[in-house]
Amino acid sequence: MLRLSLVLVALLASPAALSARTWHVNSAGTGDAPTIQAAAIAAAPGDTVLISPGTYFEQDIPLRPGLTVQGDSNDETAVSIVGDASARVFSGVSPAETFQRAILQALTIQGDAGGLYLERSSATLRRVVFQGTVADRGAAIETHRVPILKLEHCTFRDGLANCGGALYLGEGYVTIAEDCLFEHNANHAIAAPSALAQTILTRCRFLSNHDTGSGLSGGGAVYTAGWTSASGSEFGGNSAGQGGAFHGAQGPHSFSACEFHDNSAQAGGA
């Protein structure tokens, strides 16, 4: 019986899982590929790009569905990828909308560049820090027609954009953020101008985010034209012209066990 079970497991295992490979990358360039970008280009769906601690000056790294890119450390600040203004650090563009997710995990993205661009490609991010990223829209992450984006234990700090200092969810569908910190981001920590946007926030903290007036109308922490559900989240010290913390153009919106404090606006402090 045990032997039969093992045979069934082998038969049911996917080819991608059976052939999955781990690509090791280090800052000296002596790993399985010389750079993170080179490893991501060579990798197949189901593969993992494992990055040794260090600082990497790279951008335009492809993030295809089914690929995992992660730091080889329990400390997400041990692997730092520094981009420049020439391109986003990571880019995931799929020819058709797909629920097969790429995974980013345990690393820090910073520099004068946007962090991640997604189009029609789903993704999960775990313990990723975006520090001081810069872009026109979505300094950390910009999405378009992405079926699902899930963020777990991520940090978005000091992002600068004309719209969406952390996230710009354009024509997005479902974004789930759990245990994330959004702090000191300019022109909405989250900007979701699409009526199709569904944003689910659980145990997130929005601190000292602000709208300078160059973004959408109001919502220092969150602006949305879709619907939002927030539970167990904190909104503190955010500011905007309308709705210091939150501005919902349409809805519906629901808030459960959330704390609002020290938010300010010309109209509607919360």
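The values are calculated or read from the model by the stated rules, or taken from the named source; none is laboratory data. Note that this is a predicted model, so its numbers are computed, not measured. With ideal geometry, Cβ positions are generated from the backbone for all residues, glycine too; neighbour counts draw on all protein chains shown.
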Would it be correct to say that Ala113 is crowded, with 17+ Cβ neighbours inside 10 Å, touching a residue at least 60 places away in the same chain (Cβ under 8 Å) and farther than 18 Å from Trp23 by Cα?
no
Regarding Asp47, is this residue of a type in the set (Asp, Glu) and farther than 23 Å from Glu142 by Cβ?
yes
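Under the condition of being among the β-branched types (Val, Ile, Thr) and not in a loop (DSSP other than H, G, I, E, B), which residue from segment 203-237 is surrounded by the most Cβ atoms within 10 Å (Cβ to Cβ)? First the steps, then the outcome.
Of the residues in segment 203-237, the ones among the β-branched types (Val, Ile, Thr) are 212, 222, 224, 228.
Going one step further and asking which of them are not in a loop (DSSP other than H, G, I, E, B), we end up with 222, 224, 228.
Numbers: Val222: 31, Thr224: 27, Thr228: 21.
Checking each candidate, the answer is Val222.
Here's the yes/no breakdown for (1) within 11 Å of the chain's Cα centre (by Cα); (2) modelled with pLDDT of 95 or more; (3) within 16 Å of Tyr223 (Cβ to Cβ):
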position	(1), (2), (3)
Gly132	no, yes, no
Thr143	yes, yes, yes
Thr175	yes, yes, yes
Glu183	no, yes, no
Ala189	no, yes, yes
Cys204	no, yes, yes
Reported set for segment 67-101 where residues are touching a Lys or Arg at 6+ places or on another chain (Cβ under 8 Å) and not in a strand (DSSP E or B) is Glu76
Test: Ala191 is closer than 24 Å to Phe130 by Cβ and outside any loop (DSSP other than H, G, I, E, B)
yes
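I need the full set of residues from segment 71-86 which are surrounded by 20 or more Cβ atoms within 10 Å (Cβ to Cβ) and closer than 11 Å to Gln105 by Cα, in order please.
Pass one, segment 71-86, residues surrounded by 20 or more Cβ atoms within 10 Å (Cβ to Cβ): 71, 76, 79-81, 83.
Within segment 71-86, Gly71, Glu76, Val79 meet the criteria.
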If we scan segment 53-63, do we find a residue that is of a type outside the set (A, V, I, L, M, F, W, C) and farther than 23 Å from Thr30 by Cβ?
no
Answer with yes or no whether Glu119 is out of contact with any Asp or Glu (no Cβ under 7 Å at 6 or more places or on another chain), touching a residue at least 24 places away in the same chain (Cβ under 8 Å) and surrounded by fewer than 21 Cβ atoms within 10 Å (Cβ to Cβ).
yes
Residues satisfying the stated conditions in segment 64-83, i.e. in contact with a Leu (Cβ under 7 Å, 6 or more places away or on another chain) and of a type outside the set (Gly, Ala, Ser)
Val69, Gln70, Asp72, Glu76, Val79, Ile81
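Would a scan of segment 163-184 turn up a residue that is polar (S, T, N, Q), part of a strand (DSSP E or B) and either surrounded by fewer than 20 Cβ atoms within 10 Å (Cβ to Cβ) or in contact with a Cys (Cβ under 6 Å, 6 or more places away or on another chain) (or both)?
Residues of segment 163-184 that are polar (S, T, N, Q), as a first pass: 175.
Among the residues that remain, those that are also part of a strand (DSSP E or B) are: 175.
Remaining after also requiring either surrounded by fewer than 20 Cβ atoms within 10 Å (Cβ to Cβ) or in contact with a Cys (Cβ under 6 Å, 6 or more places away or on another chain) (or both): none.
So far as segment 163-184 goes, no, none of its residues is polar (S, T, N, Q), part of a strand (DSSP E or B) and either surrounded by fewer than 20 Cβ atoms within 10 Å (Cβ to Cβ) or in contact with a Cys (Cβ under 6 Å, 6 or more places away or on another chain) (or both).
Restricting attention to segment 246-270, report how many residues are outside any strand (DSSP E or B) and either under 14 Å from Ala191 (Cβ atoms) or touching a His at 6+ places or on another chain (Cβ under 7 Å) (or both).
Step one: list which residues in segment 246-270 are outside any strand (DSSP E or B), which gives 249-252, 257-258, 262-263, 268-270.
Keeping just the survivors that are either under 14 Å from Ala191 (Cβ atoms) or touching a His at 6+ places or on another chain (Cβ under 7 Å) (or both) gives 249.
The qualifying residues number 1.
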Please tell me if Ala240 is out of contact with any helix residue (DSSP H, G or I) (no Cβ under 6 Å at 6 or more places or on another chain), part of a strand (DSSP E or B), touching a residue at least 12 places away in the same chain (Cβ under 8 Å) and surrounded by 15 or more Cβ atoms within 10 Å (Cβ to Cβ).
yes
Inspect segment 58-70 for any residue being within 15 Å of Ala106 (Cβ to Cβ), modelled with pLDDT of 95 or more and surrounded by fewer than 18 Cβ atoms within 10 Å (Cβ to Cβ) and give the result as yes or no.
no
